[in-house]
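To start, the structure under review is shown below, and the notes come after it.
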Amino acid sequence: MRLLSSLWLRLSLLFLLGLLLFLGINTRRQGTATVSLLPPLPQDPQIQVYFNHSPSAMYVEPYRQQRRLGDDLEAEIVDAIATAQSSIDLAVQELNLPRIAQALRERHQAGVQVRVIVENTYRTPFSSLTSQTTQSLEDRAQQKYQEFLQLVDQNRDGQITPTEAEQRDAIVILQNAGIPILDDTADGSKGSGLMHHKFVIIDRRQVIVASANFTLSDIHGDFLNPASLGNANHLLAIANPAIAQTFTQEFNLMWGDGSGGQPDSLFGVQKTYRPPQSFKLAKNSQITLQFSPTSKRLTWEQSGNGLIGKTLAQARQAVDIMLFVFSEQKLANILQSSHQRNVKIRTLIEPSFAYRDYSELLDMTGIALLNAQCRYDKENQPWRSPITTVGIPDLPQGDLLHHKVAILDQRIVITGSHNWSDAANHNNDENILIIDNPTVAAHFQREFERLYRGATLGIPESVKEKVRSQSTRCR
């Protein structure tokens, strides 16, 4: 009888294991909790997609040694850099991940040409700041410095030694290796609005393009907050020489003669207008690419936001949106027209920007906030038929929604570094990609659904109370 019971138990366990395998579900441990991984989605051969909060992958974060869900975006960048045989061009607003800097140094020492462009705010190594300078930093910069200190100060004595800087300060690693670095003051100005790109070109054949800066907070999470798992971001690896060459042309405009000293670099609106370009990758795959900023002398339709608007207007069934900032009125107006055509619209905005007076989330819910001068934006247009499928995601403490994404009809994806704002459109160095590919769209759709499931939708009572108090204060 015991033998039969034991046999039955074994058969039952085998059946359950087979069922789990059939369903494509793996159980792994994240910290002390058991989590279930979703089955990975198919990848397009030419456009690979990765998310740092992916529910179908798990990795050990290399700096805090935390086991967590997600794709290791830093590892994807490092692995791509390691394949370079002739050239690496990297343009990113902020770089502080030492493994990326070390990978660049290794390829530079192997004879690969390496060029780096960053935003001027992040050009000076943190480790070179004096104690007096660090004490005078503004709150946000002070927090960044404290995060940096936790990363680099390996013996935890509160000081950064030259050896520690050489090992963990990304900018110092590049400088000591002799890798040329430029920022957006190389044109003789005080800098463009923002050098906001996040891309790497490998051998002029492959492009890594992301919503994430190459930083702890954008990829892995903050040292000062153990609950942080990194701002919600993604990364694309595109294997197409024509697209890589177009990114190289953008890089070369900014690079000029590099560190040669001539003020021939072009940033911001100093660049000539570059219209959108479309690239056919396969039978059912196309990418349209445009770089910002666009001069206000040109029409809005010619701009990056104009390209986004033209694409949004093509939606026939559904538009799902996840954005860091949404303040472009004309895009909200286009979405309102789509809503009136019975296109289903769902939108998630980063909580710290969602309920500001310039946020288009308010328009979509049919309300408006006055600014400090008791005035509405002159172009403000609250929807006559408000929707309740807009709101904010539930994120780990300290993390942000950093995507700049829309998914149309589960087929077309709008992405890139470009926020849906006037600043991105007319001031910043940015990129926008329109990807028509259902395989790629499925990855972004899964990310949206992940964020939407736990989202807080509609207008919170605190914002409604603010509207009521404004009506009294500004009477």
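Readers should treat all values here as calculations from the given coordinates under stated rules, not as data from a laboratory. The structure presented is a predicted model; accordingly, all values stated were derived computationally and were not measured. Quick reminder, even Gly has a Cβ in these numbers, built from the backbone with ideal geometry, and neighbours come from all protein chains shown.
Annotations
- Farthest towards the positive end of the charge dipole of the chain, among the residues A170, S86, I434, is the Cα of I434, using unit charges on the Cβ of Lys, Arg, Asp and Glu.
- Order of F448, F251, F291 - criterion: other Cβ atoms within 10 Å of each residue's Cβ, fewest first: F251, F448, F291
- For the range 40-251, size of Cβ-based charge dipole, Lys and Arg +1, Asp and Glu -1, in debye: 200
- C-alpha center-to-center spacing [the range 258-313, the range 419-442] in angstrom: 10
- Only Lys, Arg (+1) and Asp, Glu (-1) charged, at Cβ; the range 366-424 dipole about Cα centre in debye: 180
- Restricting attention to the chain, lysine pairs at least eight places apart or on different chains and with alpha-carbon atoms under 14 angstrom apart total 4.
- With eigenvalues of the C-alpha gyration tensor scaled by 5 and rooted, the range 40-251, Å: 27, 22, 16
- Working ranking of peptides 348-358, 156-166 by packing, defined as the average number of other Cβ atoms within 10 Å per residue, highest first, is 348-358, 156-166.
- Counted charge near G221, where neighbours are those whose Cβ lies closer than 9 Å (Asp, Glu -1; Lys, Arg +1): -1
- Bridge orientation summary for the chain: considering DSSP beta bridges with both residues in this region, about 70 percent are antiparallel.
- The order of the peptides 62-75, 201-214, 233-246 by mean Cβ neighbours within 10 Å, most packed first, is 201-214, 233-246, 62-75.
- Candidates S36, F126, P226 compared by Cα position along the dipole of the chain: farthest toward the positive end lies S36, with charges placed on Cβ.
- Shape call, the chain: gyration tensor on alpha carbons, a/c limit 1.5: rounded
- GluC sites (Glu not before Pro) restricted to DSSP loop in the range 320-416 with at most 13 other C-beta within 10 Å: E379
- Under 5 Å from the amide H of N233 lie the amide H atoms of N52, H53, each residue being 5 or more positions distant or on a separate chain, with H modelled from the backbone and absent for Pro and chain starts.
- Karplus-derived 3J(HN,Hα), 6.51/-1.76/1.60, for each residue of the range 158-175, Hz, glycine and proline x: x, 10, 10, 7, x, 5, 4, 5, 5, 8, 10, 8, 4, 5, 5, 4, 5, 4
- Dipole magnitude of the chain, debye to nearest 20 (Cβ charges: Lys/Arg +1, Asp/Glu -1, about Cα centre): 1560
- Peptide ranges 143-153, 432-442 listed from the most packed, as the mean C-beta count within 10 angstrom indicates: 432-442, 143-153
- Comparing Q314, L348, A332 along the charge dipole axis of the range 307-352, the residue lying farthest to the positive side is Q314, per the Cβ-charge model.
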